[in-house]
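Asker: My questions all concern the structure below.
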Amino acid sequence: MHGLMMNQPLLISSLIRHADTCHSDTEIVSRLTEGGIHRYTYRDAHRRSRQCARALLRLGATDGARVATLAWNNFRHFEIYFAASGIGAVCHTINPRLFPEQIAYIINHAGDHVVLFDLTFLKLVEALRPHCPGVRHWVALTDRAHMPAGAASCLCYEELVAAESDDYEWPDFDEETAASLCYTSGTTGNPKGVLFSHRSTLLHAFAINLPDVMGLSARDTALPVVPMFHVNAWGMPYAAAMAGAKLVLPGPGLDGASLCELYQAERVTFSAGVPTLWLNTLAHLREKGIRLPLPHRTIIGGAAASPALIHALESEQGIEVRHAWGMTETSPAGTVNTFKGKHAAMSAEERAAVHAKQGRILPGVELRITDDEDRELPRDGTAFGNLLVRGHWVCREYFKGEGGSILRPGGWFPTGDVATLDADGYMRIVDRTKDIIKSGGEWISSVDLENTALGHPAVGGAAVIGLPHERWGERPLLVVVRRPGQELTAEQMLDFLREKVAKWWLPDAVVFADAIPLTATGKIYKLKLRETYADYFAKNPGTSGHTGAG
Ligand code: ADP
């Protein structure tokens, strides 16, 4: 017997319509690419999204057409999110930090019909155009007054919007319709497209607004540091519209000073971003002696947040840190770390151990860990294995079938991560399968070594890679960036680690660098480090093998 409740499709347009109805005067504040701050409201955003929808239709973006963006977090990008998906087209957000060849590949693979870009990326667009013959329109996200000479052959976004009326009703269609497209960064092989549906986006938005996830409310001022081109800013534009949270969009200003200015001026209560951006911001806060307005809770994810970073933000600033894990293929929210009631009675040390985990599994998502024979491993917080995921907002296949059938028996998606699970539902990432160091038949977690090194007060950045080793198969090399003005020798670093890790985990060598290379999504670029230091042990035989496994 079927239930007798209304069956309305879960559509993204319902979110912006709701924000207009209930939060018409709530602000969306943007730092503009052209300079300055722009303010308007959800009502304005809804009106202009409808104008933008009509403009996109006029440009021929019909059902399923890919509407691409090369843009920062700002109000125009926000409008396109709702306009493109609202008309039944697909909002394809492109990461401008990828190599131009990869971007051209992505545009052609996606079959983008129109590309809308912020002026920052004009040079990039000029380089891309000859390689992307399928794109029908290139639209500069600015007004006529700011259109540079180089954009003469491009359309002007503000003119397109101004030419349309806002007399437009969002159509109803199947909730399984594709809404947005985001390519994984493809550090190995070609980038692969993850095609989100209206249904998956809505269910994800409901889930991230649970109190133990982002929990956005109409009392929040939310600032997504995470770019709108990185897994839809982790769903924040949708979740903020759903909750009626004031939204602050930081544009191209992702440095510590620009972010702190917005945190202070707009009294931001919620932010989300990758650990490296918080590291930069923290350095700025320390240097200037700034205390951010409270309360402020922040989601840190995309790469491991070290216990040192979590502790610093909480003890120095009073910010509530929620460590989170996810991937493009999981929309991205998979786990988020908040405490349970029973943790209140724990010692500070025990709580810190819980806090360092990647968090508890969201309802709507399931996780399991398996060994290499696909046997499930116990949820005891100790056993670690391949992490598998399934759920309402997990991808079942890449766009255009790239990579073939990707799911394991039972419909599980293999994440490529190695993790532990515990009886309370918390997951801890041990490493990525391809980064874990296999030394003499044992595994060394590069993430744990990095986190431990980051606990040294003179260390500003740390990366650990496994390098080929004659006797042990692989041995760890630690790359350290000293904090400005700090002294630290390799021997001092090793002494510090010696007290904290098993003897055979101790890196065979410590090298110092000016910076740790990062991928387009802000993760440590280990592939590049492995290339840079490929023959380090061969060239420095004295450093290798003296710690050894066993
Ligand atoms: P890409 O894989 O294309 O670089 P994603 O953003 O999809 O981009 O990356 C997902 C991966 O990032 C996860 O599989 C995991 O390895 C890593 N990751 C995400 N969050 C965390 C976290 N909190 N701690 C450790 N690793 C994380």
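Asker: Going through Ala308, Ala303, Ala312, Ala324 one at a time, which residue ends up being within 16 Å of the ligand (Cβ to nearest atom), assigned to a helix (DSSP H, G or I) and either crowded, with 20+ Cβ neighbours inside 10 Å or not assigned by TED's automatic domain parsing to the domain that holds Val447 (or both)?
Answerer: Ala308
Asker: Being among the charged types (D, E, K, R), in a loop (DSSP other than H, G, I, E, B) and out of contact with any Phe, Trp or Tyr (no Cβ under 6 Å at 6 or more places or on another chain) narrows it down to one residue among Asp495, Asp514; which is it?
Answerer: Asp514
Asker: Any idea which of (1) away from the ligand (no atom under 15 Å from the Cβ); (2) open to solvent by 70 Å² or more (accessible area, probe 1.4 Å) is the one Leu518 doesn't satisfy?
Answerer: (1)
Asker: When the residues of the stretch 266-291 are filtered to those that are more than 13 Å from the ligand (Cβ to nearest atom), touching a Ser or Thr at 6+ places or on another chain (Cβ under 9 Å) and in a loop (DSSP other than H, G, I, E, B), which remaining residue is least open to solvent (accessible area, probe 1.4 Å)?
Answerer: Val268
Asker: In the stretch 177-210, which residue that is at pLDDT 95 or above and of a type in the set (Ser, Thr, Tyr) is nearest to the ligand (Cβ to nearest atom)?
Answerer: Tyr183
Asker: Something else about it: Residue check: is Ala348 surrounded by fewer than 19 Cβ atoms within 10 Å (Cβ to Cβ) and either more than 19 Å from Ala207 (Cα to Cα) or away from the ligand (no atom under 16 Å from the Cβ) (or both)?
Answerer: Yes.
Asker: What are the residue pairs meeting all of these: first residue in the stretch 437-458, first residue outside any helix (DSSP H, G or I), second residue of a type in the set (D, E, K, R), Cβ atoms under 6 Å, and 6 or more apart or on different chains?
Answerer: Ile437/Glu474; Lys438/Glu474; Ser439/Glu474; Ser439/Arg475; Ser445/Asp431; Ala458/Arg482; Ala458/Arg483
Asker: Can you tell me which residues in the stretch 507-523 are closer than 17 Å to Asp431 by Cα and at pLDDT 95 or above?
Answerer: Pro507 - this is the single residue of the stretch 507-523 that is closer than 17 Å to Asp431 by Cα and at pLDDT 95 or above.
Asker: I would also like to ask the following. How about the stretch 374-399: which of its residues are touching a residue at least 60 places away in the same chain (Cβ under 8 Å) and in a loop (DSSP other than H, G, I, E, B)?
Answerer: His392, Trp393, Val394, Cys395, Tyr398
Asker: Has the stretch 62-78 got any residue that is aromatic (Phe, Trp, Tyr), under 22 Å from Pro252 (Cβ atoms) and either over 25 Å from the mean Cα position of the chain (by Cα) or open to solvent by 10 Å² or more (accessible area, probe 1.4 Å) (or both)?
Answerer: The answer is yes, given that some residue of the stretch 62-78 is aromatic (Phe, Trp, Tyr), under 22 Å from Pro252 (Cβ atoms) and either over 25 Å from the mean Cα position of the chain (by Cα) or open to solvent by 10 Å² or more (accessible area, probe 1.4 Å) (or both).
Matching residues to (1) at negative phi; (2) away from the ligand (no atom under 16 Å from the Cβ); (3) open to solvent by less than 20 Å² (accessible area, probe 1.4 Å); (4) touching a strand residue (DSSP E or B) at 6+ places or on another chain (Cβ under 7 Å):
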| position | (1), (2), (3), (4) |
| --- | --- |
| Pro409 | yes, yes, no, no |
| Leu421 | yes, no, yes, yes |
| Ile437 | yes, no, yes, yes |
| Val459 | yes, yes, yes, yes |
| Ile465 | yes, no, yes, yes |
| Pro507 | yes, yes, yes, yes |
| Gly522 | no, no, yes, no |
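Asker: I would also like to ask the following. Could you go through the stretch 179-189 and let me know if any residue there is part of a loop (DSSP other than H, G, I, E, B), under 16 Å from Ile12 (Cα atoms) and open to solvent by 10 Å² or more (accessible area, probe 1.4 Å).
Answerer: no
Asker: Among (1) open to solvent by less than 10 Å² (accessible area, probe 1.4 Å); (2) within 25 Å of the chain's Cα centre (by Cα), which single condition is Lys357 missing?
Answerer: (1)
The values are calculated or read from the model by the stated rules, or taken from the named source; none is laboratory data. It should be emphasised that the depicted structure is a prediction, and the values quoted were computed from it without experimental measurement. All Cβ positions, glycine included, derive from the backbone under ideal geometry; neighbour counts span all protein chains shown. Note: accessible area is taken over every heavy atom of the protein model, side chains too, but ligands, DNA and RNA are not part of it. Shrake-Rupley method; radii C 1.70, N 1.55, O 1.52, S 1.80 Å.
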